[in-house]
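A short reminder: the numbers here are calculations on the coordinates, not readings from a lab. Keep in mind that this is a model prediction, so the values were computed, not measured. Cβ placement follows ideal geometry from the backbone for every residue including glycine, while neighbour counts extend to all protein chains displayed.
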Amino acid sequence: MFVVSLAYKVELSEVDKHINDHIAYLEKYYEKGNFIASGRKVPRTGGVILAHAENREKLDAILQEDPFFKADVASYEVTEFVPSKVGQGFESLANFI
């Protein structure tokens with residue numbers, strides 16, 4: 001499992017030009033089972049994606065399809081982790097243990 005932290009490199013007005021395409025991209029990878037959760041940071045300086053991929057190389061290929069990546073409006077920090085415990089109500093995450 002991976003935590004992807006996006007940080008915007010440009011003003012929000014520039015980010016927002018690509019938001020609809022970014023949402024469509026997210027939907028694509030939710031449908032494929034690669035994205036588990038996502039959302040904006042508070043304050044809105046970027047976003048976070050909880051992702052599942054076979055390996056880092058496959059995740060990197062997925063991230064390179066992001067319209068934010070293609071437009072160079074965000075930078076990406078990726079952290080891989082292995083969940084060893086999950087809280088009540090999040091048992092489905094145990095599939096990634």
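At a Förster distance of 41 Å, what's the computed FRET efficiency of ASN20 paired with ASN55, Cβ-Cβ distance as r, to 0.05? With R0 = 41 Å, the Cβ-Cβ based efficiency is 0.85. The angle between the Cα long axis of helix 19-31 and the main principal axis of the chain comes to about 20°, on a 0 to 90 degree scale. In this simple spin-label model, placing a label point 7 Å from the Cα along the Cα-to-Cβ direction at both ASP72 and VAL42 gives a separation of 3.4 nm. Mean residue ellipticity, 222 nm, helices only, the chain: the sum of -39500 (n - 2.57) across DSSP H runs of n ≥ 4, divided by residue count and rounded to 500, is -8000 deg cm²/dmol.
Sites listed here are GluC sites (Glu not before Pro) in the stretch 2-61 whose DSSP assignment is loop and whose Cβ has at most 12 other Cβ atoms within 10 Å: GLU11, GLU54.
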